[in-house]
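Data block below; observations after.
Just so it is clear, none of the values below were taken in a lab; they were calculated from the coordinates. Quantities reported herein were computed from a predicted structural model and do not represent experimental measurements. Cβ placement follows ideal geometry from the backbone for every residue including glycine, while neighbour counts extend to all protein chains displayed.
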Amino acid sequence: MDLILVRFLFIALLSGVCYFLHPFSVTSWVGAAGGAVAAVAVIVFELRVRALSLRRLIGAVAGSVLGIFGAALFCLVLRSAPLSSATSAAVQIFVLLLMTYVGLLVGANKGDLLNPAALGTVFSGEKPTRRSAKVLDTSVIIDGRIADIAEAGFIDGVMVVPEFVLRELQIVADSTDGSKRQRGRRGLDMLQRMQSNTNIKVQIVPDDFPSIREVDLKLLELAKKWEAKVVTNDFNLNKVAQLHRVEVLNINDLANALKPVVLPGEKMNVLILKEGKEYNQGVGYLDDGTMVVVDHARKMIGRAIEISVTSVLQTASGKMIFGKMEENGRVAIEPPRAGPIDLAHLPFNGDKADGSDVPSRPATPTR
């Protein structure tokens, strides 16, 4: 609001000066109108300059200065040319404007090659801070794992949370649906948890893009403006960001990368939680959520047993591990399979509790 008031005062002041001084021998009202137009043009130029990065701004200023210096040298040569005074003046003005314009554009275009940090500590904090920033999506805030990752120190820089994301979180938290309301409140709690940690920098920014309605597109525009990365676990946002050439940190990709590599023949301890789909199967889960299907373990529900891994399957829904229990102190060896498993038709839904989420396996042939 204060900036808008200053701009109006600037327009009124320049209009008043032109009204009383009559520039170019024009009438008072024409001079006032011309002053107002000139003031508006200056404000538009100021808005464009504010949108420039520091590197482009330094490049544009340097290019303009070099252009003016080159035009001055060129005009010294023109003065000795056999031209009339009016023609010489017009050519000199044209050369000055041309060199300044070209220097301005070329300098702004090549400004990204500059390193403001090398000019002193005054410029050292602007670009690195923004480039190391991470723009948080609504889904990743509600997910909550970003707080654990940041507290562990695996993500550096400033965690940027735009106000339109906060508004979306508040709408979810105020929803009449109990599940949505709980998720929204969880997201707000995660933000408060990160803000209370002195080792994590969380910055709420008012940047908004009123012409864009979708929150995902606003996030991408903010990431472009800050030259930052978007942190999300939304698959669709990940794909759209790649099309817009915006870098994305996907929490789900990180979780998949951190899952332990299990090879056939390895031993592990698993707590059997429920029945499997096939007869006498038991199902358990690792700490990272990986499903483990154990043959002949139905009677072991509620107990932790040692198993030997027989195979590992990677499906579209995630990784699955098949294993067998120890028998008489020895590892049961699985006979060769009757044929390959068609993974494309395996049903898998980790949310079911009746054991129907475990895919069928071919019957083990008898010896």
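Worth a mention:
- Extension gain, Ala33-Asn256: 0.36 nm per intervening residue step, less the Cα-Cα distance, totals 73.8 nm.
- Percent of Cα pairs in region 2-113 per distance bin of 10 Å, from zero to the largest separation: 14, 25, 29, 28, 5, 0.
- Rough spin-label spacing in nm, given labels placed 7 Å along Cα→Cβ, for Lys110 and Leu273: 6.2 nm
- Largest first, the three principal axis extents of the alpha carbons in region 127-257 are 40, 37, 31 Å in whole numbers.
- Neighbour-count order for Asp234, Asp148, fewest beta carbons within 10 angstrom listed first: Asp148, Asp234
- Computed from backbone phi with θ = phi - 60° and the Karplus coefficients 6.51, -1.76 and 1.60, the 3J(HN,Hα) list for region 210-224 is x, 6, 10, 8, 6, 5, 4, 5, 5, 4, 5, 5, 5, 5, 5 Hz; x is used for glycine and proline.
- The slack between Ser88 and Asn280, meaning 0.36 nm per residue of separation minus the straight C-alpha distance, is 59.1 nm.
- In straight-distance terms, cross-link reach from Lys110 covers every one of the lysines whose alpha-carbon lies under 29 Å from its own, apart from those fewer than eight places away in the same chain; here that gives Lys127, Lys134, Lys218, Lys224, Lys225, Lys229.
- Once the C-beta distance of Lys225 and Ala152 is scaled by a Förster radius of 35 Å, the resulting FRET efficiency is 0.75 to the nearest 0.05.
- For region 177-192, the Karplus equation 6.51 cos²θ - 1.76 cosθ + 1.60, evaluated at θ = phi - 60°, returns couplings of 6, x, 5, 5, 4, 5, 5, x, 5, 5, x, 5, 5, 5, 5, 5 Hz by residue, with Gly and Pro reported as x.
- Counting only lysines at least 8 places from Lys319 when in the same chain, those with an alpha carbon closer than 23 Å to its own are Lys239, Lys259, Lys267, Lys274, Lys277, Lys352.
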